[in-house]
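First the structure, in the form of structure tokens, and then the observations on it.
FYI, it's all coordinate maths here, none of it is from the lab. Everything numeric in this text was worked out from a predicted model, so none of it was measured. Every residue, glycine as well, gets a Cβ built from its backbone with ideal geometry; the counts of neighbours run over all protein chains shown.
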Amino acid sequence: TCVLTSLTGCLSSEERRKETGERDVYELYIACDSQEDTVTGIFMNTFADILEEKSKGRIIVNRYPNSQLGGDGEIAEAVQNGNITFVVQTTAPQVTFVPEAAIFDAPMAFRNLEVARKVLDGPLTEELKAFYEPKNLRLLGIADQGFRVMSSNKNVEQLSDLKGIKIRTMENPNHIAFWKSVGANPTPMAWSEVYIGLQQGSIDAQENPVETIVASKVYEQQDYIVETNHILHTLTLIGSPNVIDDLPEELQKCVYEAADEAKIDARAQTDERSAGRLEIVKDSGTTIIPYNETLFNDMKNSSESVWTTLENQIGKELVDLLRSEIAKAETE
Ligand code: MLT
């Protein structure tokens, strides 16, 4: 909070712009709650590097990874009021601000990353941008950190194996409803408590991308990683509209170009790093249960009710757009 207060006003006020020669230099701020050695952290740094380079020294981006400025909710709020200029984070914690972001809570939606990325680059993201703006947030692009998968101390090869497993989830009602629908016993819990919860046995399982499972060393406390691929771990780059619109036009263009280039790089990083991350897990003695279409289909059929709930929450139109975009991407 102290750091946030000290940043207040840095961004929009004219007199804070430093003069170097005849040019204004703009000092901007970016944060994320993940460690730097994750695709989230890499996306953050790459965007900042590209933006600084494109601006030819007119923009300086101060970077705050690893929850230095608070958790995801606090950072998003600081972007809303312009104290932080940008954040890289997944959509799940944004549903409090932008309910339509829950579209990515739709479980078992994408059969592979190729389909997911085609959908993310299409009209669905354009529609979503319009829901962020009135909330004082600008959606600049969506990359991903791969799929969320389950890690567990119980082996899961078929749907019935999920019965009663105490799995930690984020505090997101759709995620909780999803795990209930497939027979598990979801327990929402702060991420910071998960490692100790697994160590002490208060939970049997958790779900996150392999990137996060490795960065947090959660695999040390788990016997299995089950490639359930149940939800895409989206990585949004969000900016403060007020701060961006206050920049000279040519620098605003740098922001949008840097966002596009950093998104493409983040996807490549996810692909390049995933095999290495799985090796780290295997070397530790944790067993990988590979993606299995029967399990995927069974989990999909069991969780249809969550899609209906989503229709009631955010409107059938948006959910139908997701359905049709998936169908289109699968046949392309
Ligand atoms: C969670 O499960 O709470 C998040 O995915 C963890 C993270 O943000 O790295």
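Worth pointing out:
- Label zone at residue 300 (point 7 Å along Cα-to-Cβ), backbone N below 19 Å, the range 91-105: 103-105
- Dipole of the range 111-187 computed with +1 at Lys/Arg Cβ and -1 at Asp/Glu Cβ about the Cα centre; of 165, 115, 142, farthest Cα towards the positive end is 165.
- Among the listed pairs 54/135; 129/328; 135/316, a Cα-Cα separation exceeding 23 Å is found for 54/135.
- For residue 67, nonlocal amide neighbours, meaning residues 5 or more places apart or on other chains whose placed amide H falls under 5 Å from its own, are 32, 33, 34.
- Rounded to the nearest 10 degrees, the angle from helix 304-314 to the longest Cα principal axis of the chain is 30 degrees.
- As a proxy for reagent exposure, ranking 320, 161, 144 by other Cβ atoms within 10 Å from fewest up yields 320, 161, 144.
- Cut-off 12 Å, label 7 Å out along Cα→Cβ of residue 133, residues of the range 64-93 by amide N: none
- Assuming charge only on the beta carbon of Lys and Arg (+1) and of Asp and Glu (-1), the dipole of the range 136-230 about its Cα centre is about 260 debye to the nearest 20.
- GNM result for the chain, Cα springs below 10 Å: residue of 173, 65, 134 fluctuating most strongly: 134
- Counting charges near residue 95 (Lys, Arg +1; Asp, Glu -1) among other residues having Cβ under 13 Å from its Cβ returns a value of -3.
- Exposure proxy order (Cβ contacts within 10 Å, fewest to most) of 254, 32: 254, 32
- Net length gained if the chain between residue 35 and residue 223 were fully extended (0.36 nm per residue, minus Cα distance): 65.3 nm
- The range 232-332 shape via C-alpha gyration tensor axes, a/c threshold 1.5: oblate
- Nitroxide proxy distance, nm - points 7 Å out along Cα→Cβ at residue 324 and residue 193: 4.3 nm
- Likely footprinting exposure, 195, 29, fewest C-beta neighbours within 10 Å first: 195, 29
- Against the main long axis of the alpha-carbon atoms of the chain, helix 316-331 sits at an angle near 80°.
- Candidates 95, 224, 80 compared by Cα position along the dipole of the chain: farthest toward the positive end lies 224, with charges placed on Cβ.
- Listed residues 196, 60, 244, most fluctuating in the chain (Gaussian network, C-alpha, under 10 Å): 196
- Cβ crowding within 10 Å averaged over residues, with 272-283, 206-217 ranked highest first: 206-217, 272-283
- Folded to 0 to 90 degrees: helix 123-132 orientation relative to the chain principal axis, Cα: 60 degrees
- Dipole magnitude (debye, nearest 20) for the range 215-332, charges at Cβ of Lys, Arg, Asp, Glu: 400 debye
- Zone of residue 202's modelled label, taken as backbone nitrogen in the range 153-196 under 14 Å from a point 7 Å along Cα→Cβ: 167-169, 187-196
- Per-residue HN-Hα couplings for the range 52-68 [Karplus 6.51, -1.76, 1.60; θ = phi - 60°; Hz; x = Gly/Pro]: 4, 5, 5, 7, 6, x, 8, 10, 10, 10, 7, 10, 10, x, 6, 6, 4
- Cα-based convex hull volume of the range 152-212 per residue, rounded to whole Å³: 82 Å³
- Neighbourhood charge, 11 Å Cβ-Cβ cut-off, centred on residue 250 and excluding it, Lys, Arg +1 and Asp, Glu -1: +2
- For the chain, size of Cβ-based charge dipole, Lys and Arg +1, Asp and Glu -1, in debye: 560 debye
- Potential extension, residue 275-residue 114 segment - 0.36 nm per residue separation minus Cα distance: 56.3 nm
- The chain: antiparallel DSSP beta bridges as a percent of all, rounded to 5: 55 percent
- Charge sum, other residues only, whose C-beta stays under 14 Å from residue 191's C-beta, Lys/Arg counted +1 and Asp/Glu -1: -4
- Between 258, 188, 309, the Cα set farthest toward the positive side of the dipole of the chain (charges on each charged residue's Cβ, about the Cα centre) is that of 188.
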